[in-house]
1. Hand me the tally of lysine pairs in region 169-303: alpha carbons under 16 angstrom apart, and the pair either on different chains or 8 or more positions apart.
2. Hey, what number do you get for the chain at 222 nm if only DSSP H runs of n ≥ 4 count, each worth -39500 (n - 2.57), divided across all residues, to the nearest 500?
3. From the mean inverse distance of alpha carbon pairs (Kirkwood) and the Cα radius of gyration, derive Rg over Rh for region 116-184.
4. Note the count of lysine pairs whose C-alpha atoms are less than 24 angstrom apart in region 1-109, limited to pairs 8 or more residues apart or on different chains.
5. Using only Cα positions of region 194-284, each an equal point scatterer, no hydration layer, compute I(q)/I(0) via Debye at q = 0.16, 0.17, 0.21 Å⁻¹ and quote the log10 values to two decimals.
6. Pull up all non-local amide H partners of residue 10: gap of 5 or more, or a different chain, and H-to-H distance under 5 Å with H placed in the peptide plane.
7. Please list, ordered by chain and number, the residues whose modelled amide H lies under 5 Å from the amide H of residue 272; skip anything fewer than 5 residues away on the same chain.
8. Using θ = phi - 60° and the Karplus relation 6.51 cos²θ - 1.76 cosθ + 1.60, list the HN-Hα couplings for region 168-183 in order, rounded to whole Hz, with x at every Gly or Pro.
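Bear in mind these aren't lab numbers, they're just calculated from the coordinates by the rules spelled out. The structure displayed is predicted, hence computed values, not measured ones. Cβ sites come from the backbone with ideal geometry, for glycine too, and all protein chains shown count toward neighbours.
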Amino acid sequence: MTDHYHIAVIQNDDYLELEKGSNHSVSYFTSESLQDLNLHDIDIMILTLDAQQQVVQQLQCVRSSEDKDIFLMPVFTAQDKFEYLYDGIYDNIDTLLKFCRTINEKKAQITNIQASWQARCFAYFYTRAAYKNMDVSKDWHNAYLYYYPVIELFNQDNSNISLWLDEIRHNKIIQRDKHIAAFFCCNQCYAAHLEFSEHCPKCKSFHIETVEFIHCFHCGNTDLEKKFMLNNQLRCPQCHSKLKQFGIEYDRPLESYLCQECQHKFSETEAVAACMLCGHKHQTHELAKQSIYNYKLTETGKRYIQYDTDYSLQVFDEINYLKPEFFYAFIEWSAKMYHRNKDYQFSLIMIKAPKALHRRQQSF
Ligand SMILES: [Zn+2]
Ligand SMILES: [Zn+2]
Ligand SMILES: [Zn+2]
């Protein structure tokens, strides 16, 4: 492990000029001169650009490399902006080099890292376990409202991060850390952007208006207040009684909505939440409840990363079938267990589709 660090400072303004030292050298770049930067030549990056898109692009370029010296590279920033994407905000050279040494020590403990983005992402959090967890950020532009910015930098195939986190939490690789939020979302696609409105309980029209009703005690007629108004006096349009005393001759019933489509009168509207992403309409009690947590690696998870047991990270393939390697390894392990201890039992079922069924399926 080198004790001399090469630092690349990328900035369009003069945010930072690093002091010189015997154990580090510094090169400066702007976004225009970035093509001159060779990631293989540097150990630490201090990236300070104003546009989030440029920052994300540059960080994705680092985190998507298959070279572990590159994708595990410490990347700091010199300003208090999008700091959740970085390893931290630059403070002084000693702290920066100390951080880099810790990362290198952790990196040396990992024997091998699989090529998947998931494995690289785990290695990243493993090397940063003392500094950084899988923290969530909130952004109203995001359809799901909350997202994991650092994980997104690694996620090259746009996988569903929440499902993946659920799966690896179930496999005890990560555990919940801080509870961040709980809110309602679409029960079909889990998007958080919902349009709330109220409609007529009879014909479901949104065209409803609040109106005043009068209830005549003489004949029981209930109708719109304006139909009772005659020469600035209240008179029942049905029994023609003059209504003077509130509470004795008339009152105002609870119905206060009138549907402009079907003329239905009602006292309570039905609330509807329409998902702005997939369009699904829900009654409010049908909405899904989402709880958001930060996550951190468990001790089991750390061991998996150290010993390169990538099976546990990707047990399932893209259509949710168990991967063959894991399936065969599991059968072999189960058979050995059975030979050692007859109390351990397992079953294997083979389902074979008859040819006729194949033909029938094909003909559909
Ligand atoms: Zn209606
Ligand atoms: Zn009346
Ligand atoms: Zn939806």
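1. 13
2. Details: 10 runs with 98 residues, N = 364.
The helix contribution divided over the chain gives -8000 deg cm²/dmol.
3. Numbers: Rg = 12.2 Å, Rh = 13.0 Å.
Looking at region 116-184, the ratio lands at 0.94.
4. On the way: 20/98; 68/98; 68/106; 68/107; 81/98; 98/106; 98/107.
Final tally of qualifying lysine pairs is 7.
5. Log10 of I(q)/I(0), two decimals: -0.68, -0.73, -0.94.
6. 29, 46, 47, 48
7. HN-HN under 5 Å from residue 272: 197, 198, 199.
8. 3J(HN,Hα) across region 168-183, in whole Hz: 6, 6, 4, 7, 6, 8, 10, 9, 5, 10, 7, 7, 9, 6, 9, 7.
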